[in-house]
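The next block holds one structure in the form of structure tokens; read it before the comments.
The values are calculated or read from the model by the stated rules, or taken from the named source; none is laboratory data. Computed from a prediction, not measured in an experiment: that's the story for all the values here. Glycine also receives a Cβ, built like all others from the backbone with ideal geometry; neighbour counts cover every protein chain displayed.
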Amino acid sequence: MTLFDGPVSFLQVSAYVGFGGVTIAICAAFVRVVVGPSMPDRVLALDLIGLLSVSLIGLYAIASGESLFLDAAIALALISFLGTVAFSRFIEWRGEEPDA
Amino acid sequence: MLEGVIEIVAGVLILAGAFFVLVSALGLLRLPDLFMRMHAATKAGTLGAGLVLFAAALFFGELAVSIKAAVVFLFLLLTAPVAAHVLGRAAYYAGVTLWDRTMLDELRGKYDESTDEHDGPGAGSPAPSDR
């Protein structure tokens, strides 16, 4: 039995509130990806979206009762970190901001 | 009895995690320059994700799952400062503008573009030609 089809409980309500909060946070971070204004801002926002996705996966693991989703969280955290470091090396290599 | 307590504690942890995650996104959206945004995103975001993962570890109550959640949190705790430092360094050297009300930029003028060295405290002895 998962939290989705179970009886109404405090944990179920807080899981739904958590889903809503993390979703709003991802939308806010995406606004920062779109408006910039500089490249490092966008990279930072993408890094935060990766972190938020990890917490979304953790929430979904609780709500569905399936602990295997946490393996996906490990992989996602690793890829997000590597992506941020690669982007930072690229920014440093490129030098001055062309459109700061 | 114990299951009810664990459910309530897990629910409170989820709510706290969602709150901190929201705070980090709000900071990312509202703070005036990149370095302040970095301050919000890295710390509050890591704390929020860690609280949610801790709730998952409590909820399942198995050793294997708890270790998995702890590994994810430990990994976040190790990588978030490294990523923030690398990104902040790259952004500073790429010339990202600071907030116009920033009072102090201690690195300004102490950084040599050609040699990638700075001459602040702890930068080692000056070159022989300086003496």
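Among residues of region A:1-19 being assigned to a helix (DSSP H, G or I) and more than 8 Å from chain B (Cβ to nearest Cβ), the one that is surrounded by the most Cβ atoms within 10 Å (Cβ to Cβ) is A:Q12.
Candidates are the residues of region B:108-131 that are surrounded by 12 or more Cβ atoms within 10 Å (Cβ to Cβ) and assigned to a loop (DSSP other than H, G, I, E, B); the one that is modelled with the lowest pLDDT is B:D119.
Is it true that some residue in region A:45-55 is hydroxyl-bearing (S, T, Y), without any contact (Cβ under 8 Å) to a residue 12 or more places away in the chain and in a helix (DSSP H, G or I)? No: region A:45-55 contains no residue that is hydroxyl-bearing (S, T, Y), without any contact (Cβ under 8 Å) to a residue 12 or more places away in the chain and in a helix (DSSP H, G or I). Applying the condition of being touching a residue at least 24 places away in the same chain (Cβ under 8 Å) and touching a helix residue (DSSP H, G or I) at 6+ places or on another chain (Cβ under 6 Å) to region B:23-40 and asking which residue is surrounded by the fewest Cβ atoms within 10 Å (Cβ to Cβ) yields B:V23.
Among the residues of region A:55-67, at least one is at the interface with another protein chain (Cβ under 7 Å from one of its Cβ atoms), among the aliphatic types (A, V, I, L, M) and in contact with a Gly (Cβ under 6 Å, 6 or more places away or on another chain). Here B:G45, B:G50 are screened, and the one residue that is of a type outside the set (K, R) and more than 7 Å from chain A (Cβ to nearest Cβ) is B:G50.
Filter region B:84-96 down to the residues that are touching a residue at least 24 places away in the same chain (Cβ under 8 Å) and within 9 Å of the chain's Cα centre (by Cα) and list them by number. Of everything in region B:84-96, just one residue is touching a residue at least 24 places away in the same chain (Cβ under 8 Å) and within 9 Å of the chain's Cα centre (by Cα), namely B:A84.
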